[in-house]
1. What are the extents of the Cα atoms of the stretch 73-228 along their three principal axes, listed from largest to smallest and rounded to whole Å?
2. Distance between the C-alpha centers of the stretch 408-484 and the stretch 108-180? Whole Å please.
3. How high is the relative contact order of the stretch 354-553, in percent, with contacts defined as C-alpha pairs under 8 Å that are six or more residues apart?
4. Residue 297: net charge of surrounding residues, Cβ under 12 Å, Lys/Arg +1, Asp/Glu -1, itself excluded?
5. Order these by the 10 Å Cβ neighbour count, fewest first: 257, 343.
6. Remind me, what semi-axes does the chain give for its equivalent ellipsoid, largest first in whole Å, using sqrt of 5 times each Cα gyration tensor eigenvalue?
7. Among DSSP beta bridges whose residues both lie in the chain, state the antiparallel percentage, nearest 5.
8. Given the convex hull of the Cα atoms of the stretch 192-272, what is a quarter of its surface area in nm²?
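Every number in this text was worked out from the coordinates using simple rules, so none of it is lab data. Nothing here was measured: the structure is a model prediction, and the numbers come from that model. Here the Cβ positions follow ideal geometry from the backbone for every residue, glycine too, while neighbour counts run over all protein chains shown.
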Amino acid sequence: MKLVECVPNFSEGRDHNILDAIAAEIKKVSNVKLLDIDSGSATNRTVFTFAGAPEEVVEAAFLAIKKASELIDMRKHKGAHPRMGATDVCPFIPISDVTMEECVELAKKLGKQVGDELGIPIYLYENAATTLKRKNLADVRSGEYEALSEKLKKAEWKPNFGPTKFNAKSGATAISARPFLIAYNVNLNTNDVKTAKQIAFAIREKGTIKRDQDGNKMTDKQGNTLYEPGLFTHCKATGWLIPEYKCAQITINLTDFTITPMHEVFDACCQEAEKYGVRVTGSEIVGLVPKQAMIDAGHHYLKKSNNTRGVNTDTLIYTAIRSLGLNDVSPFDPSKKIIEENFKNPTPLVSMNIKDFLNELSSNSPAPGGGSVAALAGSLSSGLSAMVAALTFNKKGYEENKGEMEDIGIKAETNMSDLLDAIDLDTAAFNKVMDCFSLPKNTDEEKKNRALAIENATKQATTIPFKVLEKSVAALEIALTALEKGNANSASDAGVAGLMGFGGALGAYYNVLINLPGISDSKWTNKIKDDADKLVKKAREISDEIEKLILKKLKV
């Protein structure tokens with residue numbers, strides 16, 4: 001699922017009629033969800049957080065900026081926070097299946113549209129910056145709104161998009177692409193803010209003030225204070241007291257969790273706390289967190305405890321919650337706190353118990369059908385292989401295979417998850433094709449649109465079983481490794497995993513073939529047929545190898 005977050009900051013924090021109007025524009029766009037609105041009266045500023053599919057997020061951002069340009073007048077704006085426009089900043093953040101480079105392109109697309117259609121000067125900053133001078137937001141925003149009129153006259157501050165003419169009402173907007181920022185607090189069993197700050201200074205990138213042997217601050221020739229760098233880059237931190245929690249916290253902003261993950265920071269805080277005779281009792285995520293950050297933490301703590309990391313995603317997330325103490329000061333609900341969980345597609349079939357699924361399958365409804373069952377077979381194969389890998393991981397006599405068993409366990413769990421998703425996706429795709437056949441066909445234009453819709457829906461209904469075929473071949477490869485190197489007592493399980501994998505592959509292949517006659521794009525159908533033929537040939541070869549090996553192991 002392609003998912004992008006957008007966090008525009010608007011120069012209005014007091015008039016809720018204006019904020020409600022901006023929110024209404026964002027909510028108009030399908031496949032976009034407004035996650036949070038954070039207003040400040042003193043700063044006279046509001047941060048909106050929404051996420052969704054990339055193109056739709058750009059659309060929502062444009063509508064929000066347009067509405068802000070209509071309702072916010074910078075000539076009347078006063079507030080404590082630095083600002084230079086009605087929409088002051090608008091960053092795009094990759095969440096899942098989207099690269100930073102793609103977010104940079106989204107920033108450029110939005111910047112051009114806002115500049116061309118709304119007449120607002122646009123500056124690209126951070127990862128979208130075209131020059132080093134514009135990478136830092138503070139440099140781009142220097143002088144703020146009040147200096148903008150003169151700033152726009154300077155060649156070095158020509159906007160990336162939009163006019164060089166001063167827009168007195170709307171000011172200018174900075175648009176960017178940046179990594180996700182995790183607002184993260186670590187809790188201590190003390191009210192001593194000084195201790196919290198000392199730990200914070202030790203871990204943060206800026207570090208601790210350098211002092212001479214007499215304890216005096218050290219400075220450079222210009223009189224600037226010198227610092228000893230802290231343990232982590234991309235980490236900002238200080239200490240404070242939270243009265244309602246009755247404890248001091250190390251409050252942290254992790255500006256790139258892929259480089260500085262929260263589990264490493266948490267462990268470092270625990271180690272630093274011991275130096276002062278205090279303990280870390282847990283931690284807190286403020287706002288939302290990407291699923292990958294939780295998965296990474298789960299992997300880290302399972303490895304640390306010498307347990308296999310080849311477990312399902314729910315177990316990884318549960319491990320992260322327990323290990324980081326995320327329920328310490330307030331409940332951590334993964335369905336609300338993890339961004340991707342807010343965008344999960346409904347899974348009516350996967351959510352059924354086995355009996356209800358079989359009753360639905362055996363009814364006179366054409367879906368779910370063979371495509372969903374093929375995906376189920378592939379997922380069962382991966383699940384069995386994951387079990388064999390887990391039973392082998394710490395098994396005496398299999399020490400040499402430990403690393404490989406963990407690797408295939410991880411692969412099997414990921415494969416199983418993808419195939420489970422395909423059970424509902426296949427049925428949804430079939431239903432979409434049926435819906436297209438119900439489209440009107442009274443005029444030539446309607447007939448043309450109907451035919452195109454059927455063609456596109458049938459392609460999608462073919463693509464899903466093709467992906468199931470790919471994943472089922474991967475399941476077969478995993479099953480073969482599990483059989484070759486896994487616990488001998490589980491050989492029959494690995495063998496059944498091979499049978500299920502082949503069943504999933506062949507079933508998916510049949511579902512690809514049955515859809516191809518309904519697609520007029522011969523170039524497309526020839527390509528997918530050729531690729532499917534190669535995959536099913538490979539599936540037969542691996543299946544035959546598994547059968548020979550299982551019979552040999554079972555001495556039949």
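1. That works out to 59, 42, 30 Å along the principal axes.
2. Cα centroid to Cα centroid, the span is 43 Å.
3. Computed over the stretch 354-553, the figure is 29 percent.
4. +2
5. 343, 257
6. Taking √(5λ) for each eigenvalue gives 48, 36, 20 Å, largest first.
7. Close to 80 percent.
8. If I average the Cα hull's projected area over directions, I get 6.6 nm².
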